[in-house]
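Student: Got a structure for you, questions after.
The values are calculated or read from the model by the stated rules, or taken from the named source; none is laboratory data. Small disclaimer: the values here were computed from a predicted structure and weren't measured. Ideal geometry is used to build each Cβ from the backbone, glycine not excepted, and the neighbour counts take in all protein chains shown. Please note that ligands, DNA and RNA were not included when accessible areas were found on the heavy atoms of the full protein model with its side chains. Shrake-Rupley method; radii C 1.70, N 1.55, O 1.52, S 1.80 Å.
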Amino acid sequence: MKKIDIVKIFLAKQYGNSPQNKYGEAFAPANIALCKYWGKRDTELNLPVTSSLSISLGEKGVRTRIALSDDNHDQIKLNGNIVAPDTEFARRMIDFLNLFRNKANLYFTVDTKSNIPIEAGLASSAAGFAALIQALDKLFGWQLDKKQLSILARLGSGSACRSLWQGFVKWHAGTAEDGMDSFAESLPSAWPDLCMGILTISTTPKHISSREAMQRTVATSRYYKLWPDQVENDLRNLITAIKTHNFTLLGETAEANAIAMHALALTSNPAILYSIPKTIAMIEKIWRRRASGLNIYFTQDAGPNLILLFLQQDVDKIKHEFPELEVVTL
Ligand code: PMV
């Protein structure tokens, strides 16, 4: 099954219709997985081996406005600057737009504004595809539901399926070959005291995409077979922690899950290492502060940056210890 088949199933008779509106615009938050998605069972449809669970980053994310273009090519702008079509950023977006070009000579202008670093392992592509699919839905007036939008966002980037909601979100791995049961859902529990902060260590684009890295991990790490068990356990603990507001359980589980994901990457062949020396120094600092009583944990995506987890009551102490931390309002 190809991506285009899924699009045609959802749009059915609407496929081929002209846009109902002059433009479509949407915002989607970045999301950070507390239990990571690492490994696909279908690389075409971005179907994961395991379920995953994330929290969205409030106002940190991507706003996208899309309209039809009069030119005979797409024009993509990122933070006000035109992006060259041969860049990875433009190529991935154009590939995704190709799925929705229902007539010959249909081109788009896409204006994307991101307040998170692009391609540095801070989930910018998740927010990007989630914003783009919702903007497309508004432009064309499809009125798809959130489950369908989540599935379509997944075709752009797996973790994008979780960026359609704020708060805690679970992506169900599903088992169907066509991925119709692989979508995300918002978990109803709110946790107002929970805080997150971005510790930007480097904004240099990552040397290996998460797409390629997870493929290599699945194909070459002899430890990958342990991952589904770890995820099952971690998801159970995270759901308990969220329901009972047990911060220690949440922090311990999220941190251990991130460490396991990075350990898997490191045991791939060739080995994949996303941390840089400053990442390690910061992890050691977090561990030292925690040993002396500060309630703080970290998680790390496919890049050198860290996301800190802590409680509202400790914000001042945490800011004092990590002055460079950008606290996110969830
Ligand atoms: O959705 P992708 O292909 O960008 O992969 C995301 C991978 C991680 O961010 C490392 C984990 C996750 O669940 O978001």
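Student: How large is ³J(HN,Hα), in whole Hz, for each residue of the stretch 232-243 in order, when computed from phi with the Karplus curve 6.51 cos²θ - 1.76 cosθ + 1.60 and θ = phi - 60°, using x for Gly and Pro?
Tutor: 4, 4, 5, 5, 4, 5, 5, 5, 4, 4, 5, 5
Student: How much of Glu284 can a 1.4 Å solvent probe reach, expressed as accessible area in Å² and rounded to 10?
Tutor: 90 Å²
Student: Quick check on the stretch 176-242: what does the Kirkwood estimate of hydrodynamic radius come out to from the alpha carbon pairs, in Å?
Tutor: 16.1 Å
Student: Please give the per residue accessible area of the chain, computed with a probe of 1.4 Å over protein heavy atoms only, in Å².
Tutor: Per-residue value: 44 Å².
Student: Give me P(r) over the chain, computed from all C-alpha to C-alpha distances, binned every 10 Å, as integer percentages.
Tutor: 6, 27, 35, 23, 9, 1, 0
Student: For a quick size check, give me the Cα extents of the stretch 45-116 along its three principal axes, largest first, whole Å.
Tutor: Result, largest extent first: 41, 28, 21 Å.
Student: Let me ask another. Compute the normalised compactness of the stretch 289-330: alpha-carbon radius of gyration over 2.2 N^0.38 Å, N being the residue count.
Tutor: For the stretch 289-330, the normalised Cα radius of gyration comes out at 1.16.
Student: Follow-up question, since we're still on this one. Would you check the stretch 194-328 for Lys pairs whose C-alpha atoms are within less than 20 Å, ignoring same-chain pairs closer than 8 in sequence, and give me the count?
Tutor: 4
Student: Round to the nearest 10 and report in Å² the accessible area of Asp5, as given by a 1.4 Å probe over the protein chains' heavy atoms.
Tutor: The accessible area of Asp5 comes to roughly 60 Å².
Student: Can you list residues whose amide H is under 5 Å from Arg41's amide H, if they're 5+ apart or on another chain and H is modeled 1.01 Å from N?
Tutor: Leu47, Val49
Student: Ordering Phe298, Phe89 by accessible area with a probe of 1.4 Å, largest first, what comes out?
Tutor: The ranking, largest first, comes out as Phe89, Phe298.
Student: If contacts are Cα pairs under 8 angstrom and at least 6 residues apart, what is the relative contact order of the chain in percent?
Tutor: Once divided by the residue count of the chain, the mean separation gives 22 percent.
Student: Please identify the trypsin sites (Lys or Arg not before Pro) of the stretch 1-108 that satisfy two criteria: DSSP loop assignment and at most 14 other Cβ atoms within 10 Å. Which are they?
Tutor: Those satisfying the criteria are Lys2, Lys22, Arg101, Lys103.
Student: Compute the distance in nm between two label points, each set 7 Å from the Cα along the Cα-to-Cβ direction, one at Lys319 and one at Thr267.
Tutor: Label-label distance for Lys319 and Thr267, simple model: 4.1 nm.
Student: Using only the alpha-carbon atoms, what does the stretch 94-238 span along each of its principal axes? Please give whole angstrom values in decreasing order.
Tutor: Between the extreme Cα coordinates on each principal axis of the stretch 94-238 lie 48, 39, 34 Å.
Student: Follow-up question, since we're still on this one. Among all lysine pairs in the stretch 3-186 that are eight or more places apart or on different chains, how many have alpha carbons less than 14 angstrom apart?
Tutor: Taking the Cα cut-off of 14 Å, the pair count is 9.
Student: Let me ask you something else. Determine how large the accessible area of Tyr224 is when every protein chain is in place; take a 1.4 Å probe and give Å² rounded to the nearest 10.
Tutor: That residue has around 20 Å² of solvent-accessible surface.
Student: Same structure again: Let me know the Kirkwood hydrodynamic radius for the stretch 234-330, please, with Cα pairs as the basis and the value in Å to one decimal.
Tutor: Evaluated on the stretch 234-330, it is 14.4 Å.
Student: Rg and Dmax of the stretch 3-186, Cα atoms, in Å?
Tutor: 15.3, 44
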